[in-house]
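K.L.:
One structure coming up, written as structure tokens, with questions to follow.
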Amino acid sequence: MGAGVEHALGLPVLYTFRRCPYAMRARLAIVAAGLQVEARELVLRDKPAHMLEISPKGTVPVLWLQDGTVIDESLEVMQWALQQHYPDAWLRPTAEQQQQINAWVSTLDGPFKHHLDRYKYPNRYNDCDPLPHREACVNMLKQWDVQLQNMGQTCNSPYLLGGQPSAADCAVLPFVRQFRIADEAWFDGASGFEHVQAWLYRFLNSDWLANAMPKLPLWAPGAEPTRFPA
Ligand SMILES: N[C@@H](CCC(=O)N[C@@H](CS)C(=O)NCC(=O)O)C(=O)O
């Protein structure tokens, strides 16, 4: 291990990139659980050697616990955070609901992300027309729209699994937010997924999201450690 990379604050270390939806998923769960970590903000084109040493696959988020355990999948970081402290105001999924969450996560991390990248960054791909990819994302948004519509029959502010937030909202939110950012005016004026729009706007105005999205200084070995949340 190189110098200046140890757990300087006595807290777990989170390698993170502000805009990455997977890292956002991890930060949202850490905030919801009321935990604190040392956040090491990076840029993807210049990943810290220590991060690559503990997680050679080179994706964020990476959580490095004080006992040396490495958790380098966003869903597992989310589960770790919720195991430390389950938020009082959150719904606890039944086994059946957990299966539903897992299915949604597979959709997000698989086809949704595939089409989102091609919609948002068509220039990175050969001969890529973004609009069919936007349409493919919309078709997936519509399944969450039906779900939110059904949940809204019993409460005024529906979340994906009922009247309270859960890991489902935490996992889905960063991706829907990123989909909107690709063309905010289009998203805000689009029809066919109004329940998803209303659900997203509630989060966009929430302290939860604001607290999970601070602008952090770039980390380098030996840098002043940054607490997250502050
Ligand atoms: N399955 C991983 C995926 C994480 C992922 O792909 N993160 C992207 C950033 S959004 C990344 O680090 N990509 C590496 C790179 O672009 O070099 C997870 O859920 O944590």
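None of the figures in this text is laboratory data; all of them are computed from the coordinates on show. Model, not experiment: these values are computed from the prediction. No Cβ is skipped: glycine too gets one built from the backbone with ideal geometry, and neighbour counts run over all protein chains shown.
K.L.:
Report relative contact order for region 8-82 in percent, whole number only (criteria: Cα-Cα under 8 Å, sequence separation at least 6). All intermediate terms of the calculation are to be shown ahead of the outcome.
P.N.:
Values: 110 pairs, mean separation 30.5, N = 75.
This gives 41 percent for region 8-82.
K.L.:
How much net charge surrounds VAL172 when only other residues with a Cβ under 14 Å from its Cβ are counted (Lys, Arg +1; Asp, Glu -1)?
P.N.:
+3
K.L.:
Using the alpha-carbon centroid of each, what span in Å lies between region 13-63 and region 182-230?
P.N.:
Using only Cα atoms, the two centres lie 15 Å from each other.
K.L.:
Turning to a different aspect of this structure: Along the positive direction of the dipole of region 115-230 (beta-carbon charges: Lys, Arg +1; Asp, Glu -1; about the Cα centre), which of ASN205, ASN126, LEU216 reaches farthest?
P.N.:
Result: LEU216.
K.L.:
Could you give P(r) for the chain, binned at 10 Å from zero, as whole percent values over all Cα-Cα pairs?
P.N.:
So the P(r) values, bin by bin, are 7, 32, 34, 21, 6, 0.
K.L.:
What percent does the relative contact order of the chain come to when contacts are Cα pairs within less than 8 Å and at least six residues apart?
P.N.:
Result for the chain is 28 percent.
K.L.:
Which value at 222 nm does the chain reach when only helices count, each DSSP H run of 4 or more adding -39,500 (n - 2.57), with the total divided by all residues and rounded to the nearest 500 deg cm²/dmol?
P.N.:
Values: 10 runs with 111 residues, N = 230.
That comes out to -14500 deg cm²/dmol.
K.L.:
While we're looking at this one, here's another question. Provide the percentage of antiparallel DSSP beta bridges, counting only those with both residues in the chain; round to the nearest 5.
P.N.:
65
K.L.:
Between 0 and 90 degrees, rounded to the nearest ten: what's the tilt of helix 74-84 against the longest Cα principal axis of the chain?
P.N.:
Long axis of 74-84 versus the principal axis of the chain: about 80 degrees.
K.L.:
Starting from the Kirkwood radius over alpha-carbon pairs of region 95-209, derive D by Stokes-Einstein at 4 °C in a medium of 1.567 mPa s and give it in µm² s⁻¹.
P.N.:
In µm²/s, the coefficient rounds to 89.
K.L.:
Taking neighbour counts of Cβ atoms within 10 Å as a proxy for exposure, in what order, fewest first, do GLU224, GLU6 appear?
P.N.:
If I rank by nearby Cβ atoms, fewest first, I get GLU224, GLU6.
K.L.:
State to the nearest 20 debye the size of the charge dipole of the chain about its Cα centre, where the only charges are +1 on K and R beta carbons and -1 on D and E beta carbons.
P.N.:
Once rounded to the nearest 20, the dipole reads 260 debye.
K.L.:
With a cut-off of at most 16 other beta carbons within 10 Å, and DSSP calling the residue loop, which trypsin sites (Lys or Arg not before Pro) in region 164-202 qualify? Please list them.
P.N.:
When the trypsin sites (Lys or Arg not before Pro) of region 164-202 are filtered for loop state and at most 16 Cβ neighbours within 10 Å, nothing remains.
K.L.:
Tell me which of ALA81, PRO225, ASN156 sits at the most positive position along the dipole axis of the chain, charges placed on C-beta atoms (Lys, Arg +1; Asp, Glu -1).
P.N.:
PRO225
K.L.:
Order of 99-106, 127-134 by packing, highest average Cβ count within 10 Å first? Provide the component values of the computation, followed by the final result.
P.N.:
Working: 99-106: 15.5, 127-134: 13.6.
With the highest mean Cβ count within 10 Å placed first, the list reads 99-106, 127-134.
K.L.:
Can you tell me, using C-alpha contacts under 8 Å and at least 6 residues apart, the relative contact order of region 95-209 as a whole percent?
P.N.:
23
K.L.:
Hey, another quick one. Which length gain, in nm to one decimal place, applies between GLU76 and LEU52 when the Cα-Cα distance is subtracted from 0.36 nm times their residue separation? Can you show the working numbers first?
P.N.:
Details: separation 24, 0.36 × 24 = 8.64 nm, distance 1.82 nm.
So the extension gain works out to 6.8 nm.
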